[in-house]
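Read the structure below first, then the notes.
What follows draws every value from the coordinates through simple rules; no lab data is involved. Here the structure is a predicted model, which is why all the values come from computation and not from measurement. Every residue, glycine among them, receives a Cβ derived from its backbone with ideal geometry; neighbour counts consider all protein chains shown.
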Amino acid sequence: MTFILRRLAALVGVLIASSFLVFAAMYAAPGSPENFLVQGRTVSPEVLAAIREQYSLDDPFLVRFWNWLTNVLHGDFGRSLANQQDVGELLAGRLPTTLMLVTLAAIIIIVLGIGMGIVAGTRGGVVDKIILLGSNLGFAIPTFFAALILMSIFSVGLGWFPVFGSGEGFFDRVWHLTLPAFALALPSSAVVARITRTSIREERDSEHSVMARARGVAESLVMRRHVIRNSMLPVSTIVGVHIAGLIAGSFVVEYAFTLDGIGTLLVHAVQRKDFAVVQAIAIVLVAAFGIINLLVDLFYASIDPRVKVETTR
Amino acid sequence: MKKQAIAIASILAIALTGCASGAGNDTTAGVDTNDLLTLTPAATGELDLVTWNLPFGEPASLDPIKSFNYAENTVVANLCEGLMQLQPDFTIEPGLAEKVDTPDNLTYIYTIRQGVEFWDGQEMTADDVVYSLSRHQNADEGSYWAGGLVGNIASIEKTADWEVTVTLTKPDAAFNSYMVTPVGTVIQQDFREAAGESFGNPTGKVMCTGPFSVGDWDQGQSISLIKNDNYWNSDKQAQSAQVDINFIVDAAAIATALDTGAIDGSYDVPLGALKSLQSSTEGSLYLGNSLQLVAIIGIGNGVFADPAVRQALMMATDRDAIAATVFEGTASASRSLIPNNGWAYGDSEFTDGREELAPTTTDIEGAKEVLKDATVDLTEPIKIVYPSERTYYADIISEISNGARAIGLTVEPAGVPSAQFGAFFSDPAAREGHDAFVTYNYMDVPDPLAFLRGIVGTGGSQNYNEYSNSTIDSVLDEAAATEDDGERAELVNEAQAAAMEDLPWIPIVDPAVRLFMNDRVTGAPASFVYLYYPWAADLGASGE
């Protein structure tokens, strides 16, 4: 229990440090927010001054960061400079799409990646070769290109899936997000499949598996108890890292399929130096990373008692 | 091995020349700006739903005073109306004002139309008009249109129940044209005051009088326009019950959505989508009369600061080739800084004035001759900045570079991220240390006086290299004070000829409007009026 509390405290520290860094980077980036706002139109100096005042852009850096931090502690993420909207409200509208996209992609990575890896690792022969080839391909194809190919085959060619938008209602959303999730999950699935395969190979030939077989334990039981269970340790780490990375990588897919997620929002916000929005999304990304890593560690502990002993001491 | 490489290269060369000659068998490589469309076939029936796309992405706000670019204006044009209205043929007609009287060149008396209702049923009054126009003068409202033309307004007053009088500080013949833009757009005062900070955003939205009202705004995805059944102008009722405008920005995704019929139409289809759309069986690509210009803007530094260099560079650049290849034949070489046909008055004068300018054909020998007058160090490279995500700009600069090489100059493209590029237009600090940057520009209103004034007038809103020529300034001022259209056009021609000598900008091509519509729908105007004219109201069934 203290293990979890300690990890959560560390996460809060990381959140504050990273938000400070993001704030500083935005502050240092060239161009002023009010100039991006007016999109290069020549506006009277009075208007620019009024905008600067409305958003306290003239306050010193540390004052602005402190104000932002204390507001966040009160649950106020500020107002978007670009469209004068409450940032909490803005994110609430965008998060469901990204969360669902990432969840679907995570399921695909786990089912497809681990599944393929287990099949390749235990079967061998032609099946193994085909899966190896497939994972090489999957890893080599960039996400945006995968998006294009999937779209041209399944949306344009076969007409099975819509070409843009994220849908309304649960099932419509799943239908709209299936292709984007596949495009997003493809490279990670390939990596996970390869690592699972290698890991299973190693465990299959490990001493305790050989011993178990020698003692006359049934092959299927050896597979389940020893080989697959033990090989999941390295696999869970890599799956965790890749799922956490999905959130950051989702913007490419969101852009290609025109999804209303936080990825596209982040890109626009960075372009316009929309401080409050960038900060809020950075917080969400870092928090998601931290929480997923925590979950992976917990999972790790549950399948390897040695980890548990060390951490609860 | 080497032989093979040469063989491949020559096959490629043959293939490329084949393409080029296929694209333009006539003598002009690009499209002829005199052959462009104004309208598309009129709608023959009503539709329940039309889906459209906005390739420039989601509007940041629907507040008219914060609408000053493609994304915002293309949507707001269907919702909110001005005192005047731009027509597809670029003429200007009364809108929410029945008429305008100008007793002298400083006074504009607008008679406000009676019986016009906002979407909520409240009647529009002269107070709403005064309030709306005055918002530009209130710095706290943050109008992007403040300064320049608006800064010249001395007073805005209600002078009778249905009359609003605007007085200027100094004469400006282009002033009334701007009543078609958000400068003259009317919103409801009560609604604005009640909405507070959220006015114009997805929560607060707006309250106007146009043929459509705002429906659902699904952020990041689409915005719905809902037909206004009480629209005051019974001749111009919307032909579709609902128009959903999506925000797809990726060229490949746009091409796919249009080609599969998932989207019914779009203005400004990306150049990258043209190939597949030109051969689409789903619909047609229309090329419309435009007010747009692609140009290279001088910053006033380096080799490019010398007018002789700019003149020589323009003469050496094969702008017809740029129109034919980069724009796939949907643009024409620019003869002037004023896009062809970009005028609502003085047609014969402007046409004649244009004829007197140098032709657009490439002239290497002439360019070398002009370059002899240059006083700068010609061995220095000229770096032209462009937003690196827009690769077609690199293609344009590469063609300019070819011309430059032929006359002994070096031109290099310098890509910067879009976010940084935006600052070139607004932040002098960003421009510092660079020679030139590229622009896709448009005339706000079809008045060459206003456009030219912004580019070459001292302190003009688009005068990025601090160009200042007292002769041009006095001619422009004289034009602004001249009431007779023909005389004014002659004066603007004079300024145009001088500007084309000094070339603070090098005009490259006049791109046509690229409109794609599914066979199911028709009616949207083909010309460049969709920023200030309710184009979606004309969209309806094609009867096919």
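Listed values, structure above:
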item	result
Mean Cβ neighbour count within 10 Å, used as a protection proxy, ranking A:222-231, B:271-280 highest first	A:222-231, B:271-280
Under the Karplus curve 6.51 cos²θ - 1.76 cosθ + 1.60, θ = phi - 60°, whole-Hz ³J(HN,Hα) for region B:365-381, x wherever Gly or Pro sits	4, x, 4, 4, 4, 4, 5, 5, 7, 5, 10, 9, 6, 6, 7, 5, x
Lys, Arg +1 and Asp, Glu -1 on Cβ, resulting dipole of region B:454-544 about Cα centre, debye, nearest 20	660
From phi via Karplus (6.51, -1.76, 1.60), per-residue ³J(HN,Hα) for region B:300-315 in Hz, x at Gly/Pro	x, 10, x, 4, 5, 6, 8, x, 5, 5, 5, 4, 5, 5, 5, 5
Inter-chain shielding of B:145-152 (mean C-beta neighbours from other protein chains, 10 Å cut-off)	4
Residues A:THR103, B:THR91, sorted so that the one with the fewest Cβ neighbours within 10 Å comes first	B:THR91, A:THR103
Exposure proxy ranking, count of Cβ atoms within 10 Å, fewest first, for A:PHE144, B:PHE437	A:PHE144, B:PHE437
Virtual spin-label span in nm between A:VAL63 and B:LYS99, 7 Å along Cα→Cβ	5.7
Helix runs (DSSP H) in chain A reaching 30 Å along axis by Cα, Kyte-Doolittle at least -1.0	A:2-28, A:87-108, A:170-204, A:229-256, A:275-303
0 to 90° range, to nearest 10: angle between helix B:391-406 axis and chain B longest Cα axis	40
Modelled FRET efficiency - R0 56 Å, A:ILE291 with B:VAL376, Cβ distances, 0.05 increments	0.40
Unsatisfied cross-links (Cα-Cα over 21 Å) in the set B:LYS205/B:LYS236; B:LYS99/B:LYS236; B:LYS205/B:LYS227; B:LYS275/B:LYS383; A:LYS273/B:LYS66	B:LYS205/B:LYS236; B:LYS275/B:LYS383
Cα gyration tensor shape of region B:340-401, rounded if a/c is under 1.5, else prolate or oblate by comparing a/b with b/c	oblate
B:TYR386 long-range amide H proximity, modeled H, under 5 Å	B:ALA414, B:GLY415, B:VAL416
Rule-of-thumb Rg ratio for the protein assembly as shown [Cα; 2.2 N^0.38 Å; N residues]	1.06
Förster-model FRET efficiency, 45 Å R0, A:ASP304 and A:ILE149, C-beta, rounded to 0.05	0.70
Sequence ranges B:178-190, A:286-298, A:108-120, B:285-297, ranked by mean other-Cβ count within 10 angstrom, highest first	B:178-190, B:285-297, A:108-120, A:286-298
Averaged over B:63-71, number of beta-carbon atoms from partner chains that fall within 10 Å	2
Expected-Rg normalisation [2.2 N^0.38 Å, Cα atoms] applied to region B:280-436	1.13
Extreme residue, positive dipole direction of region B:460-535, given options B:PRO534, B:THR471, B:MET517 (C-beta unit charges)	B:MET517
Crossing angle, helix B:485-502 versus chain B [Cα axis fit, 0-90 degrees, rounded to tens]	30
Part-to-part distance (alpha-carbon centres) for region B:196-264 and region B:280-309, which is given in Å	29
Only Lys, Arg (+1) and Asp, Glu (-1) charged, at Cβ; region A:196-313 dipole about Cα centre in debye	380
Shielding by partners, peptide A:269-276 (average Cβ within 10 angstrom, other chains)	2
Likely footprinting exposure, B:TRP162, B:TRP119, A:TRP66, fewest C-beta neighbours within 10 Å first	A:TRP66, B:TRP162, B:TRP119
Charge dipole (debye, nearest 20) of chain B; +1 at Cβ of Lys and Arg, -1 at Cβ of Asp and Glu	1740
Lys/Arg +1, Asp/Glu -1 at C-beta; the protein assembly as shown dipole; positive extreme among A:VAL284, A:ILE110, B:VAL150	A:ILE110
Listed residues A:VAL47, A:VAL192, A:VAL252, most fluctuating in chain A (Gaussian network, C-alpha, under 10 Å)	A:VAL47
Difference of contour (0.36 nm per residue) and Cα-Cα distance, A:THR2 to A:ARG224	76.7 nm
Signed unit charges on C-beta, dipole axis of the protein assembly as shown, positive-most listed residue A:ILE303, B:ASN441, B:TYR108	A:ILE303
